[in-house]
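**Q** First the structure, then my questions, so here it is.
The values are calculated or read from the model by the stated rules, or taken from the named source; none is laboratory data. All figures in this text were calculated on a predicted structure; none of them were measured in a lab. A quick note on method: Cβ atoms are made from the backbone with ideal geometry, for glycine too, and the neighbour counts reach across all protein chains shown.
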2 protein chains.
Amino acid sequence: MALTRKAAWKMFGCTVQQFTHASSATGTQMRFTITLPPQAADGPVPALYYLSGLTCTDDNVTQKGFAQHAAAKYGVAVVAPDTSPDHAEGGGLGLAGEGESYDFGSGAGFYLDATVAPWAGPYAMESYVSAELPALVEEEFRGRVRPGVRGITGHSMGGHGALTLALRHPEVFHSVSAFAPICAPSACPWGQKALDGYLGSADKGAWAEHDACELLRSRGALPHGRALLVDQGGADSFLGEDAEGAAPGSGAVNQLLPEHLRAACAEVGQPLELRLQAGYDHSYFFIASFMEDHVRHHAEALHKL
Amino acid sequence: MALTRKAAWKMFGCTVQQFTHASSATGTQMRFTITLPPQAADGPVPALYYLSGLTCTDDNVTQKGFAQHAAAKYGVAVVAPDTSPDHAEGGGLGLAGEGESYDFGSGAGFYLDATVAPWAGPYAMESYVSAELPALVEEEFRGRVRPGVRGITGHSMGGHGALTLALRHPEVFHSVSAFAPICAPSACPWGQKALDGYLGSADKGAWAEHDACELLRSRGALPHGRALLVDQGGADSFLGEDAEGAAPGSGAVNQLLPEHLRAACAEVGQPLELRLQAGYDHSYFFIASFMEDHVRHHAEALHKL
């Protein structure tokens, strides 16, 4: 087996396992956690890939997301990768600037393949998540995970990852949803810093290839015709001045811009279920509260394939 | 208000709030977290007190216990106190020996009133949990929490607390359950260390007053006639040599002794639903998996009162 098992336990009838492995996409060690529902003992089940947000590892959703409860209810495997190369186990690669800020470098790979030194090469999270990891999972868990039947979701930076990877690789991911995603990275500080750092400032065309709103405009609606499900907490402080209870005129920045996504979907006819959840923040308490709805959204699509 | 609010958020439709307050029982600052389900907006709901295990604070169950999901489903408030005086916020009282071991002193109050110096006085977790805290909650959340209608549950050391406090105060707590409780503290190292340290070694009669099995024998079955619900993971390493997969002859100690509880209940006719859950460990992954069953057990009893 190409995988080293770090931990395993039972939860809600599921078998949860955490592995490390040598990644060809990043050239580093990578870690992920996979939840196999009890149904996988009777035959292969679809897999939902969950992409985490800034600073997180696979542990956050595993410990606080309660996806295992819904995985068992709907017969779906859940695969949660790390957020940057060799992050959770190795602490990063020691690149200059890698550990200086929470929103760039270590824990902040933004699910793209960097083209600028020193990130180009190891910071290849798009290749890892959209190609290497599904192939690895479907090989290593043959008979338990269905090959080629996959959904993708994520939170915040991971919501950006889910939307952009689903739009860029509709042949790989067949259903998509997101929790409080960074909807328009070209238009917010988190995204601008990442796109500038990983792709350079010269080529705004390259930025557009990793911005969900720009991808919708350039590529049109998803070919499979299924809706995007997006939940956004109304009291999420990363909505800046647009958050419930925010002080008007404070200048607090909206990093998430869900209305940009709504406009882009409307322009190209992409079905979107964008739900503003009053009173909810940006935390895993919010994610856990709506996880079952997301797993059901994916299960309903994937079990038909 | 006698409470200082440290945090508040929304989860599964519930309002979750963490408070500190000056405790008369312990003479220190104490912290607890209360989950109010949406039903509390329409009138008072019963409260379930959740007692945590060694080293824990109210944060563990709040973040990993999944109780909010069941609280909203069954219309029950959940109150989670800390595990020793001034532990989570203050780090303890600075008593000699308080922070030296994980299983005694700070984070290990064992839900009794100590009688031995220097613990006698502040280490009064029984008075705090069975008298001061319910009165405080029912006063501060008047109209949302029903006075005098209470269940109690807990994990490991907190399971010991739930069983002993329910047996010692059946007029205070009207339903009881436990996750992997320390069933017979007089007969296991964790319990012997705590009972010796807090109550002294001279008076074994005092020990029996804080041992669920001994209390059943001395006081008989619970007067309200309702069953104890106890879940125990089969792969729980604290079952020692009795755990699934344990090496025979290793000498690993059973700290939990669920069969002692089964025997004591049988002797006195106390109804017991003791469920051995194959493959589950001692962690919050285990607790979360069966939390809904426990909240339902309490809700079914308490909503009838």
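**Q** Within 22 Å of A:Pro147 (Cβ to Cβ), touching a residue at least 40 places away in the same chain (Cβ under 8 Å) and more than 14 Å from chain B (Cβ to nearest Cβ): does that describe A:Tyr102?
**A** It is false that A:Tyr102 is within 22 Å of A:Pro147 (Cβ to Cβ), touching a residue at least 40 places away in the same chain (Cβ under 8 Å) and more than 14 Å from chain B (Cβ to nearest Cβ).
**Q** Evaluate the stretch A:145-156: report whether one residue or more is out of contact with any helix residue (DSSP H, G or I) (no Cβ under 7 Å at 6 or more places or on another chain) and closer than 21 Å to A:Asp211 by Cβ.
**A** yes
**Q** Return yes or no: is B:Glu209 away from every other protein chain (no Cβ under 14 Å) and charged (D, E, K, R)?
**A** The answer is yes for B:Glu209.
**Q** What residue, among those in the stretch A:190-220 that are buried (at least 16 other Cβ atoms within 10 Å of the Cβ) and of a type in the set (Asp, Glu), is farthest from A:Ala117 (Cα to Cα)?
**A** My answer is A:Glu214.
**Q** Let me ask something else. Determine if the stretch A:190-198 includes at least one residue that is over 23 Å from A:Ala131 (Cα atoms) and among the hydrophobic types (A, V, I, L, M, F, W, C).
**A** Scanning the stretch A:190-198 turns up at least one residue that is over 23 Å from A:Ala131 (Cα atoms) and among the hydrophobic types (A, V, I, L, M, F, W, C).
**Q** Looking only at the stretch A:8-28, filter to residues that are assigned to a strand (DSSP E or B) and of a type in the set (Ser, Thr, Tyr); which one of those is nearest to the other protein chains (Cβ to nearest Cβ)?
**A** A:Thr15
**Q** Here is a further query. Of all residues in the stretch A:8-28, which are without any contact (Cβ under 8 Å) to a residue 60 or more places away in the chain and among the small types (Gly, Ala, Ser)?
**A** A:Ala8, A:Gly13, A:Ala22
Each row is one residue, and each column tells you yes or no for (1) within 15 Å of the chain's Cα centre (by Cα); (2) free of Cβ contacts under 8 Å to residues at least 40 places away in the same chain.
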site: A:Ala162; (1), (2): yes, no
site: A:His169; (1), (2): yes, yes
site: A:Val176; (1), (2): yes, no
site: A:Trp190; (1), (2): no, no
site: A:Asp196; (1), (2): no, yes
site: A:Ala202; (1), (2): no, yes
site: A:Asp231; (1), (2): yes, no
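**Q** Just checking, how many residues over the stretch A:196-240 are part of a helix (DSSP H, G or I) and modelled with pLDDT of 95 or more?
**A** Of the residues in the stretch A:196-240, 19 are part of a helix (DSSP H, G or I) and modelled with pLDDT of 95 or more.
**Q** For the stretch B:36-94, which residues satisfy the criterion of being assigned to a helix (DSSP H, G or I) and either without any contact (Cβ under 8 Å) to a residue 24 or more places away in the chain or among the aromatic types (Phe, Trp, Tyr) (or both)?
**A** B:Asp42, B:Gln63, B:Tyr74
**Q** Run down A:Ala301, A:Ala252 and say which single residue is surrounded by 14 or more Cβ atoms within 10 Å (Cβ to Cβ), within 30 Å of A:Gly148 (Cβ to Cβ) and small (Gly, Ala, Ser).
**A** Criteria check complete, one pass: A:Ala301.
**Q** Take the residues in the stretch B:245-293 that are within 14 Å of chain A (Cβ to nearest Cβ) and in a loop (DSSP other than H, G, I, E, B), then tell me which one is farthest from A:Cys14 (Cα to Cα).
**A** Step by step, filter the stretch B:245-293, then rank; the result is B:Gly245.
**Q** Could I ask something else about it? It is to be established whether one or more residues within the stretch B:130-144 are within 27 Å of B:Gly220 (Cβ to Cβ) and touching a helix residue (DSSP H, G or I) at 6+ places or on another chain (Cβ under 7 Å).
**A** Yes; the residues of the stretch B:130-144 include at least one that is within 27 Å of B:Gly220 (Cβ to Cβ) and touching a helix residue (DSSP H, G or I) at 6+ places or on another chain (Cβ under 7 Å).
**Q** Provide a single number: the residues in the stretch B:236-250 that are under 23 Å from the mean Cα position of the chain (by Cα) and either of a type in the set (D, E, K, R) or more than 18 Å from B:Ser283 (Cβ to Cβ) (or both).
**A** Selection size over the stretch B:236-250: 1.
**Q** Still on this structure, I have one more. Could you tell me which of the residues A:Arg5, A:Arg31 is in contact with a strand residue (DSSP E or B) (Cβ under 9 Å, 6 or more places away or on another chain), in a strand (DSSP E or B) and either within 20 Å of A:His298 (Cα to Cα) or without any contact (Cβ under 8 Å) to a residue 40 or more places away in the chain (or both)?
**A** Exactly one residue qualifies, and that residue is A:Arg5.
**Q** I want to confirm something. Restricting to the stretch B:63-87 and keeping residues that are of a type in the set (D, E, K, R) and within 12 Å of another protein chain (Cβ to nearest Cβ), which single residue is surrounded by the most Cβ atoms within 10 Å (Cβ to Cβ)?
**A** Result: B:Lys64.
**Q** If I go through the stretch B:157-193 residue by residue, how many of them are closer than 18 Å to B:Gly240 by Cα, of a type in the set (A, V, I, L, M, F, W, C) and part of a helix (DSSP H, G or I)?
**A** 3
**Q** Go through the stretch A:101-121 and give me each residue that's hydroxyl-bearing (Ser, Thr, Tyr) and either modelled with pLDDT under 95 or within 14 Å of A:Thr26 (Cβ to Cβ) (or both).
**A** Across the stretch A:101-121, the qualifying residues are A:Ser106, A:Tyr111.
**Q** Using the structure shown, decide if A:Glu300 is modelled with pLDDT of 95 or more, assigned to a helix (DSSP H, G or I) and more than 16 Å from A:His174 (Cα to Cα).
**A** Considered against the rule, which asks whether it is modelled with pLDDT of 95 or more, assigned to a helix (DSSP H, G or I) and more than 16 Å from A:His174 (Cα to Cα), A:Glu300 comes out as no.
**Q** Would you tally the residues in the stretch A:98-157 being aromatic (Phe, Trp, Tyr) and under 22 Å from A:Gly75 (Cα atoms)?
**A** The total comes to 1.
**Q** Still on this model: Which residues, counting only those in the stretch A:18-40, are more than 20 Å from A:Val149 (Cβ to Cβ) and either surrounded by fewer than 19 Cβ atoms within 10 Å (Cβ to Cβ) or not polar (S, T, N, Q) (or both)?
**A** A:Phe19, A:Thr20, A:His21, A:Ala22, A:Ser24, A:Ala25, A:Gly27, A:Gln29, A:Met30, A:Arg31
**Q** Taking A:Ala247, is it surrounded by fewer than 24 Cβ atoms within 10 Å (Cβ to Cβ), within 21 Å of A:Ala288 (Cα to Cα) and either at pLDDT below 95 or touching an Asp or Glu at 6+ places or on another chain (Cβ under 8 Å) (or both)?
**A** no
**Q** Against the conditions (1) more than 30 Å from A:Ala117 (Cβ to Cβ); (2) touching a residue at least 40 places away in the same chain (Cβ under 8 Å), where does A:Glu241 fall short? Just the number, please.
**A** Tallying (1) more than 30 Å from A:Ala117 (Cβ to Cβ); (2) touching a residue at least 40 places away in the same chain (Cβ under 8 Å), A:Glu241 fails exactly one: (2).
**Q** Scan the stretch A:262-269 and tell me whether some residue there is crowded, with 20+ Cβ neighbours inside 10 Å and either under 18 Å from the mean Cα position of the chain (by Cα) or in contact (Cβ under 8 Å) with a residue 24 or more places away in the chain (or both).
**A** Yes, the stretch A:262-269 has at least one match.
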